[in-house]
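Data block below; observations after.
Every number here is computed from the coordinates shown, using simple stated rules; none is lab data. Note that the structure is a prediction, hence the values are computed from the model and not measured. All Cβ positions, even for glycine, are placed from backbone atoms using ideal geometry, and neighbour counts span all protein chains on display.
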Ligand code: TEU
Ligand code: CA
């Protein structure tokens, strides 16, 4: 297993719009992030993944890029960006950008030219058809084809109608994208998180889909297209291989048996991917607002199977939330009676499993879902589209509101909770989206003042991971496969062995064969560790044992 800095790193995802507002316009910005670099350094993370800060009309809050080489006004200037990058590097951290090249904004110069006429040189930068060719649906609901009155033809958009898909079959598109990538890498950026990179090769016969469930459409119709690996190998050869960078692909629709095609060390494509099998477990055929029951044994199995499928010849990432999913302590933990304990337990999981961990902003505080009382409080285009579709279909929007409160992306986009001041210290103005009312109890200032806080638990876990290479490169084996409460596993190499026990439940949980002879308990959610010798875990108790071999 080759040692690499990006395997040893801990990533921290920043959604700039909701991180810190420095100029009182209610929207987070680059100067705000600069103000918080010492906070991030204290946490102990080393790679910052910056969600898009490029010029955008914000139809999908930056994932609809109008100019790849311009900083969106609300985030600041290119000088601010350069100051941020310098500040990150001065602190020994790295910064990776969000590369969104499956689509652009419809206001991007390429699309504005492309739609002008059928003979415009940019016409084939996108997919145009005289008639709507198939029944494909957008990730955000509705048709994936939009009729454009300029030429009367239809263009493809797998996301909103303001996010037309780029035609990667066109070599000019690829050349322009590689040039843009080099622009950012030559500025000193340390890599990319690649938005929906598994979708960039389209099945250009554009046949109807016969799949019902959206997850099947994602995997078999949109993702893993015939030329996706050719494009990624070319990107690697022409750009990525020329820099010492980290690349992580957002691999929607990629199943574990295809993962190594993207991240195999011999493939020269990407270093790792974010996969979504655990993230889509509770989404029914209609997607996230059509929820189904999930089960804990399957949740554990997904991690164990992905480790087996990838870790010998490639590399995994480990994450439980990001800007597109509910807060992990609300989704996988217990965000009321056992909020702190379950937040620490989930942190223990992502920081002791095999793969590069990714922490989403606010998870280190144990921030929770928000459940706004009305649709008007929500901002996400996915929610607006869903409400329109429900009303059109004559379904009860109140039922949808319940699903939105539990599963929507805005749960992760409430402003960072810095302190007990107005708007949790996120802004002196009016926040673009309401602050979670629980900020008086959950905020960075209180966490930093409390040695037993979730924040310092993350800090100690990150130090433990850095101090013990076995937690990075060691082998992995799950040891309680069929237990309905316990996720237990071991990590080992020739020098050390670690045993981790996580009680993912509100009840106590007995554990057989507690590690003895030579093992000692190195960490636990402190409140519960008075009885380390007892072979019983209290609700949401996490314990880590280790021994030198
Ligand atoms: O997300 C792609 C994606 O498929 C999942 O995030 C999810 O399915 C989507 O949010 C719809 O539910 C990436 C970005 O992370 C997301 O923020 C963008 O909206 C999307 O691509 C389009 O760029
Ligand atoms: Ca601002």
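Note down the relative contact order for the chain as a percent, whole number, built from C-alpha pairs under 8 angstrom at least six residues apart. Over the chain, the number comes to 13 percent. Taking the C-alpha atoms only, the angle from helix 339-352 to the longest principal axis of the chain is near 80 degrees. In plain terms, if you count all Cα to Cα distances in the stretch 259-378 and split them into 10 Å steps from zero, the share in each step is 12, 38, 35, 13, 2, 0 percent.
For the stretch 109-136, the residues whose amide N sits under 18 Å from a probe point set 7 Å from the Cα of residue 210 along the beta carbon direction are 134-136. Sorted ascending by nearby beta carbons within 10 Å, beginning with the fewest, 14, 175 become 175, 14. Its relative contact order, with pairs defined as Cα atoms under 8 Å and 6+ residues apart, puts the stretch 218-348 at 20 percent.
Most simply put, the chain has about 60% antiparallel DSSP beta bridges, counting only bridges with both residues inside it.
Centre-to-centre separation between the Cα atoms of the stretch 371-433 and those of the stretch 173-194: 33 Å. When both the stretch 251-266 and the stretch 19-88 are represented by their alpha-carbon centers, they are found 30 Å apart.
Cβ-to-Cβ counts within 10 Å put 426, 455 in ascending order as 455, 426, the fewest first. Rounded to the nearest 10 degrees, the inclination of helix 381-392 to the longest alpha-carbon principal axis of the chain is 70 degrees. Ranked by the mean number of other Cβ atoms within 10 Å of their residues, highest first, the peptides 514-520, 349-355 come out as 349-355, 514-520. Considering only the Cα atoms of the chain, their convex hull presents on average a projected area of 24.1 nm².
With the convex hull drawn over the C-alpha atoms of the stretch 84-227, the volume per residue is 127 Å³.
Is the shape of the stretch 1-126 best called rounded, prolate or oblate, per the rule: a/c under 1.5 gives rounded, else a/b larger than b/c gives prolate, else oblate, with a ≥ b ≥ c the square roots of the Cα gyration tensor eigenvalues? The shape class here is oblate. Calculated mean residue ellipticity, 222 nm, the chain: -8000 deg cm²/dmol, from DSSP H runs (n ≥ 4) at -39500 (n - 2.57) each, averaged per residue and rounded to 500. The mean sequence distance of close C-alpha pairs (under 8 Å, at least 6 residues apart), as a share of the length of the stretch 1-157, puts its relative contact order at 17 percent. Pairing the Cα long axis of helix 397-407 with the longest principal axis of the chain, what angle in degrees results, from 0 to 90 and rounded to the nearest 10? It is inclined by approximately 60 degrees. Would you please classify the overall shape of the stretch 12-85 from the alpha carbon gyration tensor, given that a ≥ b ≥ c denote the square roots of the eigenvalues, rounded means a/c under 1.5, and beyond that prolate means a/b larger than b/c while oblate covers the rest? Note, shape of the stretch 12-85 comes out prolate. Ordered by the number of other Cβ atoms lying within 10 Å of each residue's own Cβ, fewest first, 409, 420, 193 fall into the sequence 420, 409, 193. Can you tell me how the stretch 72-114 classifies by the Cα gyration tensor, rounded, prolate or oblate, using a/c under 1.5 as the rounded cut? Prolate shape, in that a/c is at least 1.5 and a/b is the bigger ratio.
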